[in-house]
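Heads up, the thing below is written out as structure tokens.
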Amino acid sequence: MGEVLIAGTAALLICVFLSPRFIAFVRVREFGQHIREEGPEGHHAKAGTPTMGGIVIFAAVSAPFLILSDYDWRAVGVYVAAILCAVLGFADDYTKIVKRRSLGLRGRTKLIVTIGISILLWWIATEKAGLPPTLRLRFVDAQIDLGILYLPLIYLVVAGTTSGVNLTDGLDGLAAGCAAIVVLAYIGITSITAGQQDLALLSGCLVGACVGFLWFNAFPATIFMGDTGSLGLGGAIAGLAIMTKTEVLLILLGGIFVIEALSVLIQVFSFQTFRKRVFLMAPIHHHFEMLAWSETKIILRFWIVAAVCAAIGFTIYQQGIS
């Protein structure tokens, strides 16, 4: 556990040290955030805020992890998935900056790359880490052998989690704080399970980097993580779920991301079917903005919901192995 603390502290300090320099670097090159015209009116003042802060997050994660890790295949799989998702996010961010609009890569490109990442993660999990292609149902203490269907499950976990974190990244510090809370639960999960110390180490690095980034990303943010950060963190959380066999439990552990994603699905379905909107704006954090809630009030309450979901999920996991 000492190494986890050292790694997390190192990631935090690296992030705090690098962020001001990265902010200055990005600001000089005018790599700023582009805001959707249909977004909340208050967000237009944030246009031009330095973005792609995910680069700093994963630089801070990489240094202590690569130095202290024993390179267990499960941890390597999570790290590789996170980095590849971050690279996809970087390409998306860079495309937005070059085209100077809020839309990045085409949906087809993202789909193909996400499928490729899922196949690689499936190969590492089954062939290198030796994990069985099973779905663990901890609520009823049972498991299902999926066989070849394990690959589609991994794709759904990766695509769903990256999308959920990306949708949550709409307010200052919201995604970074929620991600830190979820991964903190995974520190507990991996620490109490034999043979997962490398995963605990990587989780510690992720939490430390998110907390360090929050120093600059908290309201009012001086930098945004961009898709580089949100997709990378989503990939890391998805990888942790797969390598710890908590794919179903992730629905509860990452409940705040599920809520954000469901709000968008409900809004789209309702509008396309009935031509009526359930929420004033989706994702749901924008709904509360339209109700005149302050940004800090929304962020803090969403962090509380994330903490409650993660705590319940961890408790269920702990009881399942006791």
Just the residues that are free of Cβ contacts under 8 Å to residues at least 40 places away in the same chain and touching a Leu at 6+ places or on another chain (Cβ under 9 Å), please, taken from the range 59-86. none
Over the range 220-239, the set of residues assigned to a helix (DSSP H, G or I) and farther than 20 Å from L131 by Cα is G226, D227, T228, G229, S230, L231, G232, L233, G234
Conditions (1) modelled with pLDDT under 95; (2) outside any helix (DSSP H, G or I) -> D70 fails only (1)
Quick check, is V87 closer than 26 Å to I154 by Cβ, at pLDDT 85 or above and surrounded by fewer than 19 Cβ atoms within 10 Å (Cβ to Cβ)? yes
Criterion (over 28 Å from G54 (Cβ atoms) and in contact (Cβ under 8 Å) with a residue 24 or more places away in the chain) met by exactly one of L137, L151: L137
Is it fair to say F257 is surrounded by fewer than 16 Cβ atoms within 10 Å (Cβ to Cβ), touching a residue at least 40 places away in the same chain (Cβ under 8 Å), under 27 Å from T95 (Cα atoms) and not polar (S, T, N, Q)? no
Examine the range 262-275 for a residue that is closer than 30 Å to T134 by Cβ and either surrounded by 14 or more Cβ atoms within 10 Å (Cβ to Cβ) or among the small types (G, A, S) (or both), and state whether such a residue exists. yes
Can you report the number of residues in the range 95-124 which are in contact (Cβ under 8 Å) with a residue 12 or more places away in the chain, in a helix (DSSP H, G or I), within 17 Å of V26 (Cβ to Cβ) and not hydrophobic (A, V, I, L, M, F, W, C)? 1
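Got a sec? Which of T51, T109 is more than 17 Å from V157 (Cβ to Cβ), of a type outside the set (A, V, I, L, M, F, W, C) and either touching a helix residue (DSSP H, G or I) at 6+ places or on another chain (Cβ under 6 Å) or buried (at least 16 other Cβ atoms within 10 Å of the Cβ) (or both)?
Just one listed residue meets the conditions, T51.
The values are calculated or read from the model by the stated rules, or taken from the named source; none is laboratory data. What you see is a predicted model; the values in this text were computed from it and never measured. Positions of Cβ are generated from backbone atoms using ideal geometry, with glycine treated the same way; all protein chains shown enter the neighbour counts.
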